[in-house]
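Just below is one structure, and these are the notes that go with it.
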Amino acid sequence: MIQSINFAKMLLIGALFLSVTSCEKEEILTDTKIPAEIQAYVNTHFSNHNILQVKEDTDLLSHSYEVVLSGGIKLEFNNKKEIVEISSPNELPSSVIPEKIGAYVKTNFPDNTIIKWEIDNKQQEVKLNNDIELIFTLEGDFLRIGD
């Protein structure tokens, strides 16, 4: 009896997993479907780079856009079409780095450049070209060196 209840629970969990994963959707957007906010961001901060691909990811709990630009630059936007992550093999433009964070890096790591920036609902993080990661508050105050 206990085995049949456990088996039924396993089937239910499996069915739930399949229904959640089947809600995931990835779509490569054509030029005409790229949101205006994303195009404007790219034109403002990366005008010398072409959009190679925009992928819209949708699942049960999230919605995001992954953008690949020429030069190996990758951008990620959230469901509100706000930038949440930028990475590049080279220095990021100063226009995409919050001023307070840029000033901290320039003062404390004058020989290094920022090659990655990301933000979530708790903090901001940058990666320098020497692989050091720095963690900041949402307001741009330095917290610590990352792991």
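Here, each number is a calculation from the coordinates, and none is a lab measurement. Source: prediction; values computed, not measured. Backbone-built Cβ (ideal geometry, glycine too); neighbour counts: all protein chains shown.
Computed values, structure above
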read-out: Qualifying GluC sites (Glu not before Pro) for segment 96-147 [loop in DSSP, other Cβ within 10 Å: at most 15]; value: GLU139
read-out: Candidate lysines for bridging to LYS80, where Cα separation is under 26 Å - those fewer than 8 sequence places away on the same chain excluded; value: LYS25, LYS33, LYS55, LYS100, LYS116, LYS122, LYS127
read-out: Radius of gyration and maximum dimension Dmax of segment 25-87, Cα, Å; value: 10.9, 35
read-out: Neighbour net charge for GLY146 - beta-carbon separation under 9 angstrom, K R +1, D E -1; value: -1
read-out: ASP31, ASP147, ASP57 arranged by Cβ crowding within 10 Å, fewest neighbours leading; value: ASP147, ASP31, ASP57
